[in-house]
Amino acid sequence: IQYFLIKIICSNFWEYFTTISGFAALLSMAVNVATFYIVLFQFDSVYQLSILLLCTCAVVSFIRFQQADQLLVSTSNASLDSFYKYHCECRHSVFSQNRIFGGQLMITLLLYTPANAFMIWSLILGKLEPITAAIFALLVIAQVGYIFGVHLIAVQYPKRIHNSGKLALKIRPRGYLRDRLKFANIIQLLHVKNQYGITYGSAQLVTMKTF
């Protein structure tokens, strides 16, 4: 952008610096370039923050669910109680994440899909200036990569959450009727048709099929 701006100024040097209208046009270009960089910086900061925050939450959640599975495998009375409470806390954490990332994912799809379609179609037609085509191509790659990455992380949540239910089916409960009822409650809780995970806002669950 700086190169094209300098080229334009040099080719019309006297017009920009010897007339009031030319100086006003030069000032307008400077303001537009500064605004572009400010918007670009803000977008890049929010973009990186949203990716880092989602990745951090996902890694922490997956580790916690793995710890919950370990509690379930050691089938003592104390570990069953600990598993039930710990897994409940993990699910509530996912619910909180879903209120943030689920809505964000839905808004991203609504905004980026038509914008990407417009930019891709413009690139296919090939009627853009080289600098404009380069900017469009970078934006499309960044947005498609972001959508793909968020989906790739989101589809892991149901599998991690409900893995404990599969482990519970392989374990034969021992002890009193109370322990057997706990196991039955765990199996019933984690073997549901509407699974837990990240959703498209208030719509359906993000899975490999919807991906």
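The values are calculated or read from the model by the stated rules, or taken from the named source; none is laboratory data. Since the structure is predicted, the reported quantities are computational estimates derived from the model, not experimental observations. Because the Cβ atoms are built from the backbone with ideal geometry, glycine has one as well, and the counts that use them run over all protein chains shown. The protein model used for the area step is the full one, side chains on, heavy atoms only, and it has no ligands, DNA or RNA in it. Shrake-Rupley method; radii C 1.70, N 1.55, O 1.52, S 1.80 Å.
Remarks
Yes/no matrix, rows are residues, columns are (1) modelled with pLDDT of 75 or more; (2) of a type in the set (S, T, N, Q):
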position	(1), (2)
Ile6	no, no
Phe36	no, no
Ser45	no, yes
Ser50	no, yes
Phe62	yes, no
Gln66	yes, yes
Leu71	yes, no
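- Checking Thr132, Thr113 one by one, the residue that is open to solvent by 70 Å² or more (accessible area, probe 1.4 Å) and not charged (D, E, K, R) is Thr113 and no other.
- Enumeration of residues in the stretch 188-210 that are surrounded by 17 or more Cβ atoms within 10 Å (Cβ to Cβ) and among the aliphatic types (A, V, I, L, M): Leu189, Leu190, Ile198, Leu205, Val206
- Condition broken by Val150, with the remaining ones in (1) touching a residue at least 40 places away in the same chain (Cβ under 8 Å); (2) of a type in the set (Val, Ile, Thr); (3) open to solvent by 100 Å² or more (accessible area, probe 1.4 Å) satisfied: (3)
- Candidates Phe118, Phe136 - the one that is in contact (Cβ under 8 Å) with a residue 12 or more places away in the chain and among the aromatic types (Phe, Trp, Tyr): Phe136
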